[in-house]
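As C-alpha cells, the structure follows; a few thoughts come after it.
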Amino acid sequence: MGKGYRLNAGLIRAVALSCVSAMAGAGIAWGFYVWRDAGTGVLDSGSLADWIAALATLGIGYTANRIAKTAADRARSEEAARQRRDMEGFERRVKVLVARAYRATRQHSAFIAVGDDEKFEEMGFDFFVAKCEALAHMLETLVWSTEDFALVSEEAQSIMGDMELTVMIVRNGKDALMRSKESFGEDSWKGLLDGLLSSLLEFREEAGRLELALNAEIAERRAELAPADPSLVDH
C-alpha cells in the first residue's frame, strides 16, 4: 500500500474504541429502559432516543478527543525527530571546525619539534626552511568558508576572524624567513624566526579559544532542545 494510504495505528484504535463505547452505551441505555418499563408495558421511545443521542454525542466527543491527542502526540514526535536531525547535522559540521581548530593548536609544537638527539636552538637555516614548507601546506587547510562563519555564533566568528589575520602574519613571517638568508645576510633569519614563533603561539591561543567556544555552542544548542527531546542532552 502506498505511503499516502497508510493510517496511523493509534488513530484507528481510537476510532474503533470510541465506536464500540458509543454502541455499548446505547445498548445499556436501551436495556435499562426495557427493564424499567417491563412491568408496565410502556416504553418511552422519546426518552430512549434522547439517551441514545446523548451517549452517541459522548462517544463522538471522546473520538474527537482521542483523534486530537493522537495527532498532537504524532506532531510532537515528528518535531522532536526533526530537531534531532537538525542537531546532529549542526554538530557534525561544527565538529569539523573543532578538528580544524585543534590542528591549529598543534602548529607551534610541530614547528619546534626536533629529533631526540637534536636541540632546537642549534638547528640551521635549511632545517627551518623545511619546517616553513610543511607549515605552508598545513596553513592551506586552516581556512574558513562563508558557510563556516554563518554556522557559528558571533563569539566564534570573532575568533575565526582573528585567526585569519594571524594566519596572514604567520604566512608573511614564514615567507620572509625563507628569503632572509639571500636577502638580508647569513644570520638574518634568526631574528625573523623569533617573530614567527611568537605568531604561532598567538595562533595556538586563538585556536584553543575557538575550540572551547565551539564545544560550548554544541552544549548550548543541546540544552535549548532538551524540553522537546531529552535524548539530546548528555547524561
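FYI, it's all coordinate maths here, none of it is from the lab. Predicted model only: the values in this text are computed from it and were never measured. Here the Cβ positions follow ideal geometry from the backbone for every residue, glycine too, while neighbour counts run over all protein chains shown.
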Over all directions, the stretch 113-221 yields a Cα convex hull whose mean projected area in nm² is 8.2 nm²
Can you list the aspartates and glutamates whose alpha carbon is less than 15 Å from that of Lys190, not counting same-chain residues fewer than 8 positions off? Glu121, Glu122, Asp126, Asp175, Glu182
Qualifying trypsin sites (Lys or Arg not before Pro) in the stretch 88-154, DSSP loop, other Cβ atoms within 10 Å at most 15: Arg106, Lys119
Hz values of 3J(HN,Hα) by residue in the stretch 156-164 - Karplus curve (6.51, -1.76, 1.60), Gly and Pro given as x: 5, 4, 4, 5, 4, x, 4, 5, 4
Applying the gyration tensor rule to the Cα atoms of the stretch 93-132 (axes a ≥ b ≥ c; rounded if a/c under 1.5, else prolate if a/b exceeds b/c, else oblate), the class is prolate
For the stretch 201-214, just list the computed ³J(HN,Hα) in residue order, Karplus coefficients 6.51, -1.76 and 1.60, θ = phi - 60°, integers in Hz, with x standing in for Gly and Pro. 5, 5, 4, 5, 5, 5, 5, x, 5, 5, 4, 5, 5, 5
